[in-house]
1. Working out 0.36 nm times the residue gap between N119 and I14, then minus their Cα-Cα distance, what length gain in nm do you get to one decimal?
2. Over the heavy atoms of W143, what accessible area does a 1.4 Å probe trace out, to the nearest 10 Å²?
3. Give me the dipole magnitude in Debye, nearest 20, for the chain about the Cα centre, with unit charges on the beta carbon: positive for Lys and Arg, negative for Asp and Glu.
4. Contour minus end-to-end for K110 and L60, with contour as 0.36 nm per residue of separation and end-to-end as the Cα-Cα distance?
5. What number, rounded to the nearest 500 deg cm²/dmol, is the helix-based mean residue ellipticity at 222 nm of the chain, given -39500 (n - 2.57) per DSSP H run of at least four residues and division by all its residues?
6. What's the FRET efficiency of I132 with L5 using the Cβ-Cβ distance as r and R₀ = 35 Å, to the nearest 0.05?
7. When the convex hull of the Cα atoms of the range 65-139 is projected onto a plane and the area is averaged over all directions, what value comes out in nm²?
8. Relative to the compact globular guide of 2.2 N^0.38 Å, what is the alpha carbon radius of gyration of the range 24-94, as a ratio?
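The values are calculated or read from the model by the stated rules, or taken from the named source; none is laboratory data. Worth saying up front: this structure is predicted, and the values here are computed from it rather than measured. Neighbour counts run over all protein chains shown; Cβ positions are idealised from the backbone, glycine included. Just the protein is used for accessible areas: all its heavy atoms, side chains included, with ligands, DNA and RNA removed. Shrake-Rupley method; radii C 1.70, N 1.55, O 1.52, S 1.80 Å.
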Amino acid sequence: MSIDLLIQYISILIAIIAVIVARKELKRFIPVGLFASFYANIVCYVANYFEWWEFPIRVLPGVRDISFTTNVIIVPILAMFWVRYSPMSRIKWTLLWTTILTGIEYLAEKYTNMIVYHNGYNWYYSYILWLISWFIWYSFHKWFYKDGKPH
């Protein structure tokens, strides 16, 4: 097993354990996780069309357009945690999470084959994408639970 696959399996394990530990607090945030996965898949299909990035080493080799680990496991869980635990000062919270995740993505792109950038795409585009995504997911959550009830 390659180090790339090992990193992905460990990431999946950590994400699942985090959800199990916080499951009672995260139930209300499942819709935002599902929306984040849908959103991430659309972004990946667009990126695939423009050949901005690819995922040479994947947990599911037959799925070529998206990273199953990222889009189906990591992003939804991160979105649920981010929306659940974001303090009132969301700008600092967003900058912190965006910086950490872009840093991880930068290291993954530079030192592994989990993601490879093409056609001028670079880490700072990912930074902007992460930054905008948090607010889109948070806005979805606020819309979904408008008046305290799901729509």
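1. Answer, rounded to one decimal: 34.6 nm.
2. 140 Å²
3. My answer is approximately 780 debye.
4. 15.8 nm
5. After summing the helix terms and dividing by the residues of the chain, the value is -21500 deg cm²/dmol.
6. Using R0 = 35 Å, I get an efficiency of 0.70.
7. Spelled out: convex hull of the Cα atoms, projected over all directions, averaged, 5.3 nm².
8. 1.26
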